[in-house]
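Before any comments, here is the structure.
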Amino acid sequence: MQQPPVCEFVKDIRFEGFLLVRMSEQRTGGNGAKYLDMSLADRTGEVSAKLWDGNVAPPAVGTVVKVRGGTLEYNGRLQLRIEKLRGLEPADEVDIAQLTPSAPESPEDMLVELRTAIEEMTSAPLRKLTGALVDQYQDKLIYYPAAQKIHHAERSGLLHHTTGMLRAARAILAVYPWLNRDLVFAGVIVHDLCKTEEMESDLLGVVRDYSQNGLLLGHLTLGVTRIAQAADRIGVSGEPVLLLQHMMLSHHGEEAFGSPRKPMFPEAELLHWLDLLDARMNEMQTALGKVSPGVFSEKIWSLDRRLYRPKYEELTQEPSLPEG
C-alpha cells in the first residue's frame, strides 16, 4: 500500500487510497441537502472529509474505506472533498498498521517507564498499590487511547498521556522538592486507568462508544472503587489508600468537570494541573498540525477558542539593517 501520508496533505492535491474512519455522521446543510461529515486518518494524522451525497450511508467508526478526491482549504483548515467512497474488499492489500494513529513511542517502552517510576517509590504501600493496579490493567494499556476524540485519541494514547504527565511531574518536583514524590507518581499513574473500563476500544485504539459502567459511573468513581478493592486484596490500608482515592476523585479539579471534591492537598492540586496541561498541549499540537503557519484553526470546542499557528521560522531570522 503506497499512498501519501495525511501529515503531508496540502491544498490542491489529488488523493486515492485507504483511510481509517475516526468519525462519521450524516448531516444536513443549510440548503437542506444531506452530506457525510467524516474524520479520516492514517497513523500520521487526521483530516476532515466531506462527501456531498446524501444517499451514501455513514461508514462505521473503526472501519477502513477507500476514497478518491481532492484537498482544499475551508476557513483556513485543510479538507478532503471526497468524490467516491467504498468499503474494504477482500482483494485490497492494506497494511492496517499504517492507518492507525498511534502514540509516538512504543507501548512496551512507555510501560517500562511506568514500572520504573513505581520501583523508585520509597513508600511500600503506594508502591504495592500502584503496581497492583497497573498489573490489573496492563493488557488494555498496551492499546487503549486516553479519549474518544479530544486528547490522545490514538492507539496507546493512555500510556502516551500518562508518561507525558510523569515527565512533567519530574521537572516540577525539582522546583518543589518538598512535595511527596511517591504520592505524585502514584496519582499520575493511576488517575486514568479506569478509562479502560469507561470506554469500549478495539485493538486499533478506536473507541466506538462508552460502556454501561462508563456512562453510569465514569472513570473517577470506578477508580475510587478499584483502588479500594486492590488495597483490600494486597493488604494495604489507612492514609495511603485514602489520599490516592482523593487524588482520583479530585483530579478534574471542579464539580463542573466531574470532580465532586476539589484537590485538598498539594500533590492532588499538582495532579490536576499536570492532567490539564498534558491534555491541552496534545489538543493544541493536534489542531495546529492541521493548519499552515500564520493560519488560525477552526474553533476547538473543548478549548472554546480558535488557535493560531505561529510562523516560528521568522523568529530565527536575522533583523535587516536599515539602508543608508
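Points worth noting:
- Scaled radius of gyration (Cα, divided by 2.2 N^0.38 Å) that the stretch 107-284 gives: 0.94
- Karplus-derived HN-Hα couplings along the stretch 121-131 (A = 6.51, B = -1.76, C = 1.60, θ = phi - 60°), whole Hz, x at Gly and Pro: 5, 8, 7, 4, x, 5, 4, 5, 5, 5, x
- The long axis of helix 266-288 is offset from the longest Cα principal axis of the chain by roughly 10 degrees.
- Which of MET284, MET264, MET121, MET248 has the fewest Cβ neighbours within 10 Å, and the rest in rising order: MET264, MET284, MET121, MET248
- Compared with the dominant Cα axis of the chain, that is its longest principal axis, helix 218-234 is turned about 40°.
- As a ratio to 2.2 N^0.38 Å, the alpha-carbon radius of gyration computed for the stretch 61-121 takes the value 1.82.
- Stokes-Einstein diffusion coefficient of the chain, Kirkwood radius over Cα pairs, 4 °C, 1.567 mPa s, in µm²/s: 60
- Here is the tail figure for the stretch 163-258: Cα pairs spaced more than 17 Å apart come to 59 percent of all pairs.
- Trypsin sites (Lys or Arg not before Pro) lying in DSSP loop within the stretch 133-216, provided at most 16 other Cβ fall within 10 Å: LYS149
- Its convex hull of Cα atoms gives the stretch 6-98 a direction-averaged projected area, equal to a quarter of the hull surface, of 6.1 nm².
- With Cα atoms, 0 to 90° folded angle of helix 239-250 axis to the chain main axis: 30
Coordinate-derived values only; no laboratory data. On a predicted model such as this, the values are computed, not experimentally measured, just so you know. Here the Cβ is made from the backbone with ideal geometry for all residues, glycine too, and neighbour counts use every protein chain on show.
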